[in-house]
Each structure stands twice: as C-alpha cells, then as structure tokens.
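What follows is a short report on a single structure.
The values are calculated or read from the model by the stated rules, or taken from the named source; none is laboratory data. Predicted model, so just to flag it, every value in this text is computed and none were measured. Heads up, the Cβs are rebuilt from the backbone with ideal geometry, glycines too, and the neighbour counts pull from every protein chain shown. Keep in mind that these areas ignore ligands, DNA and RNA; they rest on the heavy atoms of the full protein, side chains included. Shrake-Rupley method; radii C 1.70, N 1.55, O 1.52, S 1.80 Å.
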Amino acid sequence: MSEAFSAVADGAEQPGTPMGQRLRAAREAAKMSLRELARRVDLSPSFISQVELGRAAPSVGTLFAMTSELGLSLDSLMGVEDPRAVPAAETTLRLRKAHADKARGGQVVALAETGTLPGLQRADERPELYLNGVRWERLTPAHDPDVEFLRVTYPPRTESCPADNLMNHGGSEYIHVLTGRLEVQVAFARQVLGPGDSLNFDSTIPHRLSNPFDEPAVGIWFVVDRSGTR
C-alpha cells in the first residue's frame, strides 16, 4: 500500500480533532504501538503519527486499512457519537399550506409535525470527513456498527486511491449515483456510472473510484459488515 497523503490545509483536520484522537485512542486501547500498526498496514510510524496529530490526511484506501486493523468503522470517525437531542416540547410545528377545512374525501393533506422521530438527522447536522478532497457525510446521527450509510461527493479530479494501487477491505459495498459521473473499477472491470446507476460488489476485491470529469459526482453508499464478522 502506498503512503500517499496530503498536507492538511487551514481549516482541515487539526491536532486533537475527532479523527486523529479516535485513531490514537483505538490504537492505544488495543495496546498496539505505532510501529506495530505501521507494520500491519505497510506504512511508516512517522506517517501514522502525523495522521493521529491531524497534520496529514491519508487516502481513503489507507484510512480503510488503518481502521480495519483497529476494529473501527469509517463513520465512527465522523462528528460526535451521540445525536443532539431535542425535547419533544421544543419541537417546532411546521405546517405546509393548510387545506384541512377544504379537504375533500380521499385527499391527502399535511398534518402538524409533532414529537421527535428516532434516528432523524437534518441536512445541516451531518457529521463529515474530508479525505484528499472527497467529502464523506454520515447519514445516521450516531455510529451504526452494522452498516455505514454515507453520502459521498467526489469533486472533479479526485480519487479513492491511485490507479496503480487499488484498495480493498472487508464487507459488501452498495453505490447509487445521484448526480455527475463516477468511474468505478472492480478487479479488471472498469465502467462509468451516471445519475440513477447503482452497483454492489464484494469489497474484498481490489477496487477504485475516481472522478476524471469536470462536474462533481455525488452518490449514496452503504458498506455492510466491513469488519468481516458475519
């Protein structure tokens, strides 16, 4: 595995932020030295130290390798573990145009919102992570150990890993493209996915995702059983 990474720009991951803290905490909880983790994922101890301090950003493939060795999931590195609770008494009632007085039989009308839906996460509350320009947004308010439910944005000229160093990890991967085009390679097959296209494959097979085009590519991802325990 290559040790490709980029220096962290202003406003990106900094020392003490969740990703580096959680990687280090998981490594220390496993009683694993920097040198041992480096040996297992074919990286240098100094590079891993820089990632833990927030001074370097690993590629997606490198981060997958590190989290797999540490028993973490990618979405556990994003944001906070617990969703922000909003008491039901403080829930704002949002009414669309009311037609209740004029409703005819069988007509569907908007009702007053009430209570708090379990697992609800508003669009502006998504925990996110940037890896070499690729934006990963977790679509669950808290870490789910069974599935990674993600919205992923590949800006133009970004990739999950270099073309000569395909990534692989445990589990099964499911992709649905919303906008743009995404080039996907699985083993020796390579195709371009466009809006409405979907794909699933065994994530242990070497693969690569990239956007060599001029417009961003946005999709919904599910990664199931990345730890390979099933």
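With a cut-off of 11 Å between beta carbons, the residues surrounding E36 carry a summed charge of +4, where Lys and Arg count +1 and Asp and Glu -1. Positive contributions from Lys and Arg (+1) and negative ones from Asp and Glu (-1), summed over other residues with Cβ under 11 Å from the Cβ of P145, come out at -4. Exactly which trypsin sites (Lys or Arg not before Pro) in the range 169-217 are in a DSSP loop and have at most 16 other Cβ atoms within 10 Å? Nothing satisfies the criteria. So, with a 1.4 angstrom probe, what is the percent of accessible area on the range 139-230 that is carbon and sulfur? Within the range 139-230, the accessible surface is 53 percent carbon and sulfur. For the range 158-229, the solvent-accessible area of protein heavy atoms averages 47 Å² per residue (probe radius 1.4 Å; ligands and nucleic acids excluded).
In loop segments of the range 104-205 as defined by DSSP, the chymotrypsin sites (Phe, Trp or Tyr not before Pro) with at most 14 further C-beta atoms inside 10 Å of their C-beta are F188. Sorting E36, E137 by solvent-accessible area of protein heavy atoms yields E36, E137, largest first, with a 1.4 Å probe.
Other residues whose C-beta falls under 12 angstrom from the C-beta of S160 contribute a net charge of -2, scoring Lys and Arg +1 and Asp and Glu -1. The Kirkwood hydrodynamic radius of the range 151-230, based on inverse pair distances between different Cα atoms, is 12.7 Å.
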